[in-house]
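Structure, as structure tokens:
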Amino acid sequence: MKHKNFACEKAKVCGGCQLQNMTYPEQLEYKQHKVSRYLDRFAKPKAIIGAAHPEHYRNKVQAAYKRSKNGEIISGVYQSNSHKVIKVDSCLIEDELADKIIVYIRQLLKSFKLTVYDEDKKKGFLRHVLVKRARATGETMVVLVAGSSIFPSKNNFVKALTEKFPEITTVIFNLNNRSTSLVLGDKQEILYGSGKITDILCGKKFLISPKSFYQINPEQTEILYSKAIEAARLTGNETVIDAYCGIGTIGIVASDKAKRVIGVELNPDAVRDAKQNARLNNIENIDFYCGDAGEFMTEMAKNGEKLDLLLMDPPRAGASKEFLESTKLLAPKKIVYISCNVETQSRDLKVLKDMYKVTLLQPVDMFPYTNHVENIAVLIRKDTL
């Protein structure tokens, strides 16, 4: 396989895009092979669905700020497995406006004589900037993450930023003065706008807050969700559980085609956002619960309740043993398992294969230039076939 030169000069030091040295068709071939390697034993995977626009797809961009050895304020990403900041002015996979905002904030820090946070000395002002873009509406959120609550001239700072970029619809000040690898702290203040942005996905509106989990490639997410719901073949009479539901995206998208949808999520902030999103879309056949999805399904089984479809989109670690056992106990007729890690998906499908037959494997390239690949698996309970 012939490889081209690295498309980005920072590729070797950054480590964020592992497939930089491949053409896009080569990347798709690589990912197809990866899916086959892990999942061939269950069914033959369909051809991967590539991205029409494989560059600048990330609608969420976060940058760390620090002072370089020569005193220059830089912003960028942490080098893989380190706390060394690699200066990035523009990135092949990040939203272009977000990158411009992040670079301009470096100039504003200088103009307003504001410092950047020093992790070793545990002092200074700006630590990170998080930018979220709603592609469908153009709304833009900027979160300024600081190590100190003292923000001199904050109103003038925000005015200068929003005048330069009128696309910015909200600015939030977030305080994170702890020694942590987490970007956002718990205390925040809205400096401009409503503190949220609204995006449209598969025809549904979604409110996005600073801590909301929202898919980072909206174009491919629409394809992923549409394919998953199409594969579920809902008739309008089904009871559906959306496990690991987050802010309710796929459950809300599926609600049009189901009788009832139940979303279960451990994160209380996400559940609050999910309920708000259901109201925003005037959806009355969906309920959200804060709790462990496995425990919730075990209770349903004990109460003699039936489930037609389980929608599951777990984190990279896959589903827990307890969750899979509760799935077998409740025994939904059909499972649509969306995975961002085919290795853990393969492990989980092995646990379910005595009871379920895999009838579809559909990979989707959500993250071009990286080695991640998303995959939809459809499982049908064997005694219903």
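The values are calculated or read from the model by the stated rules, or taken from the named source; none is laboratory data. Everything quoted here is computed from the prediction, not taken from an experiment. As a convention, Cβ positions derive from the backbone with ideal geometry for all residues, glycine included, and neighbour counts pool all protein chains shown.
Gly263 passes all but one of (1) at pLDDT 95 or above; (2) surrounded by fewer than 17 Cβ atoms within 10 Å (Cβ to Cβ); (3) touching an Asp or Glu at 6+ places or on another chain (Cβ under 8 Å); which number fails?
The single condition Gly263 does not satisfy is (2).
If we only count strands (runs of 3 or more DSSP E) wholly inside the stretch 1-93, which ones have 2 or more residues that are loosely packed, with under 14 Cβ neighbours inside 10 Å, among the acidic types (Asp, Glu) and out of contact with any strand residue (DSSP E or B) (no Cβ under 8 Å at 6 or more places or on another chain)? Quick ask: steps written out before the conclusion?
Numbers: elements: 60-67, 73-78, 85-87.
Strands (runs of 3 or more DSSP E) meeting the threshold: none at all.
Any idea which of Tyr214, Tyr192 is farther than 12 Å from Asn277 by Cα, surrounded by fewer than 20 Cβ atoms within 10 Å (Cβ to Cβ) and in contact with a strand residue (DSSP E or B) (Cβ under 6 Å, 6 or more places away or on another chain)?
Tyr192
Are any residues in the stretch 206-240 over 26 Å from Ala52 (Cα atoms), in contact with a helix residue (DSSP H, G or I) (Cβ under 7 Å, 6 or more places away or on another chain) and at pLDDT 95 or above, and if so, which ones?
Leu234, Gly236, Val240
Hey, can you tell me all the residues within the stretch 146-189 that are surrounded by 19 or more Cβ atoms within 10 Å (Cβ to Cβ) and in a helix (DSSP H, G or I)?
Phe157, Val158, Leu161, Thr162
Given the condition assigned to a loop (DSSP other than H, G, I, E, B), modelled with pLDDT of 95 or more and more than 30 Å from Asp365 (Cα to Cα), answer yes or no: does some residue in the stretch 308-325 qualify?
No, every residue in the stretch 308-325 fails to be assigned to a loop (DSSP other than H, G, I, E, B), modelled with pLDDT of 95 or more and more than 30 Å from Asp365 (Cα to Cα).
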